[in-house]
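Below is one structure, written out as structure tokens; comments come after it.
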Amino acid sequence: MSSTIATATAAGDDKFSRLPEIAKPVSYDIRLTPCLKTFKCKGNETIVVDVTTSTDFLKLHSSEIDINSIQVKLADGSELKGVTFELDRKWMTLTIIFPQKIETQKVNLLIDFVAEHNNKMRGFYQSVYKGNDGTEKKLVKLFL
């Protein structure tokens, strides 16, 4: 699997656009393992997506995560090989690129990632505060 992280946009991509209406999410199964010492979080998710138009890509929202791997399982249970992806940090999108078009069907996207807890009030938020007894406390929250 190969990946690209877009740090600059090509001509014409410098404008906001909505996600294409070629697929709809059906369900999300997200598992997170936060570490309060490093403020990093390991995660994996399975997204069931109903692909409503024949396509060779899917585009999702993605903010401040590093993708380790992506697997695509088709409706017949087979894994789609040769999948690549591009992260666009400016527009906070993840484009999953298939080696060929797939027909309308439900697919499972299995995404393994790492994220850093930040203090920007979006994504994985972290905060340090003092409790009533004066001891330092740590808090993490997920903003969806």
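A short reminder: the numbers here are calculations on the coordinates, not readings from a lab. Quick caveat: nothing in here was measured; it's all calculated off a predicted structure. Glycine gets a Cβ as well: all are built from the backbone with ideal geometry, and neighbour counts include every protein chain shown.
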For the pairs Lys59/Lys120; Lys24/Lys90; Lys73/Lys141; Lys40/Lys120, note any where the Cα-Cα span goes beyond 19 Å.
Lys59/Lys120; Lys24/Lys90; Lys73/Lys141
Mean Cα-pair separation over length for the stretch 20-116, i.e. relative contact order, pairs under 8 Å, 6 or more apart, %:
37 percent
So for R0 = 41 Å, FRET eff. of Asp76-Ser17 from the Cβ-Cβ r, to 0.05, ends up at 0.80
Whole-Å semi-axes of the stretch 20-116's equivalent ellipsoid (Cα gyration tensor):
25, 14, 12
Aspartates and glutamates whose Cα lies under 19 Å from that of Lys138, excluding same-chain neighbours fewer than 8 positions away:
Glu116
Using a cut-off of 14 Å between beta-carbons, work out the net charge of the residues near Glu21 (Lys and Arg +1, Asp and Glu -1, Glu21 not included).
+2
